[in-house]
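> Sharing a structure here in structure tokens format.
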Amino acid sequence: SLLSFHMALEGNGDESLTIDESERNIYENIVNISLSKKSKDPTLPNMEIVEKGLSSGLLITTDGFIITAYHSIQRYENDWLKIKQENPPNRKNRERWLTDIKKAYYIIDNDGNRYPIDITLWGRIPRYDIAVIKALIPERPRPIKFRVLEGRLRKGDEVKLFGIRDEKPYNQYGRVTNENCTSRVEDVGKIENTFETDAVGVRGFSGGVFITMKGELAGLVVCQKKPFLSKSLGVVSGSSISNILELIKKTGYRLGKSHFSGKYECTYR
């Protein structure tokens, strides 16, 4: 699994991968990250609130490593740490633990399959608003092949946006309007090394991806402006591909270090 993760986003090394194959591999591996929680209303303490369509993400390995927007999982970090400390998984409770986790924190793939999120393991770089999470998918670990942009997007470049809404994949076309800027995300703050586009997004597209017309992964959707369209629609900005590659490198290093120490800790700034 670690080897597959290290090899993720190395798609340009496979010259046999066509533009159509790369785009299809990206499109088919966009997932929906859905979370549920108990109501804080004292009169309805056991009512479950399901937040389907909370965000999108991209599977980069067949066994469940996913890149997404950090702000999509930020408010759940304290809950995950609490569960990890008070009720950690072990050999005896593993099946029951996974069943309980799957009720609250899970992803849904393009085929409608639902998999629990491993809430004991995640990595993030808040200043880029990007994160790695791990879903527990019972597949042989392999990196998913797709092309990756070398360099950065430039103003005027045409891009395609892939995201999830209501458990259905959508795509939008647009162009880069600002190639290097600082954006702002509520509860996260300033986001470095982003690009702005005129592609239109909706709630749930956070953690989706931008690709080039050559089928290359070019960035992650991190924020949306809503000045003129409606309360739910707006043009979206992305975190650059260099940020994502940095996240993969740092998380891979920490996972490897954790593997040898026996303590899985990869949360960091």
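The values are calculated or read from the model by the stated rules, or taken from the named source; none is laboratory data. Since this is a predicted model, take the numbers as computed values, not measurements. Quick reminder, even Gly has a Cβ in these numbers, built from the backbone with ideal geometry, and neighbours come from all protein chains shown. Note: areas computed on protein heavy atoms with side chains; ligands, DNA, RNA excluded. Shrake-Rupley method; radii C 1.70, N 1.55, O 1.52, S 1.80 Å.
> Take the residues in the range 154-170 that are assigned to a loop (DSSP other than H, G, I, E, B) and at pLDDT below 95; name whichever of them is surrounded by the fewest Cβ atoms within 10 Å (Cβ to Cβ).
Start the filter on the range 154-170 by keeping residues that are assigned to a loop (DSSP other than H, G, I, E, B), which leaves 154-157, 166-167.
Among the residues that remain, those that are also at pLDDT below 95 are: 166-167.
Working: 166: 10, 167: 15.
Only one residue fits best here, namely 166.
> Let me ask something additional. Within the range 190-204, how many residues are in contact (Cβ under 8 Å) with a residue 60 or more places away in the chain and open to solvent by 10 Å² or more (accessible area, probe 1.4 Å)?
Residues in the range 190-204 being in contact (Cβ under 8 Å) with a residue 60 or more places away in the chain and open to solvent by 10 Å² or more (accessible area, probe 1.4 Å): 4 in total.
> For the range 127-136, how many residues meet the condition of being open to solvent by 10 Å² or more (accessible area, probe 1.4 Å) and either under 25 Å from residue 222 (Cβ atoms) or β-branched (Val, Ile, Thr) (or both)? I'd like the intermediate steps shown before the answer.
In the first step, residues of the range 127-136 are kept if they are open to solvent by 10 Å² or more (accessible area, probe 1.4 Å); the result is 127-128, 134, 136.
From what is left, the residues that are either under 25 Å from residue 222 (Cβ atoms) or β-branched (Val, Ile, Thr) (or both) are 127-128, 134.
Within the range 127-136, residues that are open to solvent by 10 Å² or more (accessible area, probe 1.4 Å) and either under 25 Å from residue 222 (Cβ atoms) or β-branched (Val, Ile, Thr) (or both) number 3.
> Answer with yes or no whether residue 13 is at pLDDT below 85 and within 18 Å of the chain's Cα centre (by Cα).
Details: at pLDDT below 85: yes; within 18 Å of the chain's Cα centre (by Cα): no.
It is false that residue 13 is at pLDDT below 85 and within 18 Å of the chain's Cα centre (by Cα).
> Looking at the range 131-153 only, could you name the residues that are farther than 21 Å from residue 115 by Cβ and part of a strand (DSSP E or B)?
Answer for the range 131-153, where residues must be farther than 21 Å from residue 115 by Cβ and part of a strand (DSSP E or B): 147, 148.
> Could you tell me whether the range 137-153 includes any residue that is of a type in the set (Gly, Ala, Ser) and surrounded by 13 or more Cβ atoms within 10 Å (Cβ to Cβ)? Please lay out each step first, then the result.
Pass one, the range 137-153, residues of a type in the set (Gly, Ala, Ser): 151.
Narrowing the set further to residues that are surrounded by 13 or more Cβ atoms within 10 Å (Cβ to Cβ) leaves none.
No - not one qualifying residue is present in the range 137-153.
> Please tell me if residue 105 is touching a Gly at 6+ places or on another chain (Cβ under 9 Å), among the hydroxyl-bearing types (Ser, Thr, Tyr), surrounded by 12 or more Cβ atoms within 10 Å (Cβ to Cβ) and over 19 Å from residue 244 (Cα atoms). Before the answer, list the steps.
Working: touching a Gly at 6+ places or on another chain (Cβ under 9 Å): no; among the hydroxyl-bearing types (Ser, Thr, Tyr): yes; surrounded by 12 or more Cβ atoms within 10 Å (Cβ to Cβ): yes; over 19 Å from residue 244 (Cα atoms): yes.
Judged against the criteria, residue 105 is not a match.
> Name the residues in the range 180-189 that are out of contact with any Asp or Glu (no Cβ under 7 Å at 6 or more places or on another chain) and either open to solvent by 60 Å² or more (accessible area, probe 1.4 Å) or among the aromatic types (Phe, Trp, Tyr) (or both), would you? Give the steps one after another, and end with the answer.
Initial filter on the range 180-189 (out of contact with any Asp or Glu (no Cβ under 7 Å at 6 or more places or on another chain)): 180, 183-184, 186-187, 189.
Listed by number, the residues that qualify are 180, 184, 186, 187.
> Considering only the range 161-195, state which residues are among the hydrophobic types (A, V, I, L, M, F, W, C), within 16 Å of residue 241 (Cα to Cα) and within 17 Å of the chain's Cα centre (by Cα). Before you say what the answer is, go through the steps one by one.
Within the range 161-195, the subset among the hydrophobic types (A, V, I, L, M, F, W, C) is 161-162, 164, 176, 181, 185, 188, 191, 195.
Add one more test, that the residue is within 16 Å of residue 241 (Cα to Cα), and what stays is 161-162, 176, 181, 191, 195.
161, 162, 191 - these are the residues of the range 161-195 that are among the hydrophobic types (A, V, I, L, M, F, W, C), within 16 Å of residue 241 (Cα to Cα) and within 17 Å of the chain's Cα centre (by Cα).
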